[in-house]
Amino acid sequence: MRDLFHLPSGGPYLLSHSVGCLPRRARAALEAGYLEPWQQTGGAAWGPWLETIEGFRAALAALIGADTAEVAPQQSVSAALFSFLSGLRAVGGRNRILMSEQAFPTVGFVAAGLERLGFETAFIPAARSPGDAANWESHIDGSVAAVVAMHVHSNTGVVSPLVEIAALARHHGAISVVDAAQSAGILPITPREWGVDAVIGSSVKWLCGGPGAAWLWLRRELAGVIEPLDLGWFGHEDPYAFDIRHFRHAADARRFQGGSPSIAPFALARAGIETILEIGQDEILRSNRACIAAFAEAVGRPIDMTDRGGTLCLAFDDPAAIASALSAQGFHFDMRGKCLRASFHAWNSPEEAALLGRTIADTRLAFRPAA
């Protein structure tokens, strides 16, 4: 598995939660899906370029067990969320967008921007775990228009109880949206099983596809109901109608595509997804858990990853000291405040995980799981 990626120099690379490593097939994919058609045909490249977009949609659909018609390419998670939520209407006292205060900040920023359309942003306090369905139940009522839940929370690794959240939203007549940026590629993404209305995600992290190639999955039954404000000719039922006075939304998820798509990011992202599919998400998760078990043995204490994503999130009272110790060993990692974040992907080994554990144990610094 390691041979399928280009790895940065130095020690173990543990930053899949930030930027996944470059797949070895990516350069050829960029050449074939973007540069070569441009070089060979100029303006006629749009045919092959759009095939590149369709290839990305098909690969993403295969990853999440969906139909291609349910997938819309997006520039970013923020753009995907705005495009989807902007199609809702704040009517009849149903105008709150609910999320955990532990959600990734961009989600809150998008919701705040929608307040000019009559929506309000509501938060479940950070002190109340988003992994506990009871905390969602106590905040979802008839005033909620949409519930936005992280599949995996970036600061703690906590997994939201998506089936329960979707059922609660449905019971109260609200739309449910899942942000899968921190889970796609390491945990199964199963929108239909969850019962949610939409899923948004990124290619830059565990999917090893680089930035600029996000995506939106939309439950097909909603395709004819939600009409986004972000319009463009690629969201038109017939992009080549060229009638400036009449816009008709595409019947499926393409209505969320907006204007002319970027091509290069989706050529790269397709290569990333296809690499993940070649390895198998189940195998990547199995390898991840084997690494965490090796880490736990080396550090001399159990690590419970029940209802957690693929990232170790450990809080230290002296983050500067632990960062110094890990940097001295060449580890690629990051700190979010007092929290060490370390992710084991397909290129990592139990030996690397054990080295991380021994390095931490040698510091004698106390740590606890982030919550």
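The values are calculated or read from the model by the stated rules, or taken from the named source; none is laboratory data. Just so it is clear, the structure is predicted and the values come from calculations on it, not from any experiment. Every residue, glycine as well, gets a Cβ built from its backbone with ideal geometry; the counts of neighbours run over all protein chains shown. Areas reflect the complete protein model, heavy atoms only, side chains present, ligands, DNA and RNA absent. Shrake-Rupley method; radii C 1.70, N 1.55, O 1.52, S 1.80 Å.
Quick notes on this structure:
- Segment 240-282, residues that are of a type in the set (Ser, Thr, Tyr) and within 18 Å of residue 53 (Cβ to Cβ): 240, 260, 262
- Screening segment 319-371 for residues that are within 15 Å of residue 157 (Cβ to Cβ) and basic (Lys, Arg) and picking the one that is nearest to the chain's Cα centre (by Cα) gives 341.
- Matching option when the condition is among the charged types (D, E, K, R) and not in a helix (DSSP H, G or I), among 270, 255, 341: 341
- If you go through segment 2-39 and keep only what is touching a Phe, Trp or Tyr at 6+ places or on another chain (Cβ under 7 Å), open to solvent by 50 Å² or more (accessible area, probe 1.4 Å) and assigned to a loop (DSSP other than H, G, I, E, B), you end up with 7, 24.
- Unique match (being at positive phi, open to solvent by less than 60 Å² (accessible area, probe 1.4 Å) and outside any loop (DSSP other than H, G, I, E, B)) among 47, 42, 55: 42
- Counting only helices (runs of 4 or more DSSP H) wholly contained in segment 66-181, the ones carrying 1 or more residues that are within 24 Å of residue 342 (Cα to Cα), open to solvent by 30 Å² or more (accessible area, probe 1.4 Å) and modelled with pLDDT of 95 or more occupy 105-113.
- Residue, farthest from the chain's Cα centre (by Cα), within segment 214-242, restricted to residues that are in a loop (DSSP other than H, G, I, E, B) and under 17 Å from residue 70 (Cβ atoms): 237
- Any hit, segment 297-310, residues being open to solvent by 40 Å² or more (accessible area, probe 1.4 Å), part of a loop (DSSP other than H, G, I, E, B) and basic (Lys, Arg): yes
- Taken over segment 326-362, the criterion of being of a type in the set (Phe, Trp, Tyr), open to solvent by less than 30 Å² (accessible area, probe 1.4 Å) and in contact with a helix residue (DSSP H, G or I) (Cβ under 6 Å, 6 or more places away or on another chain) is satisfied by 344, 347.
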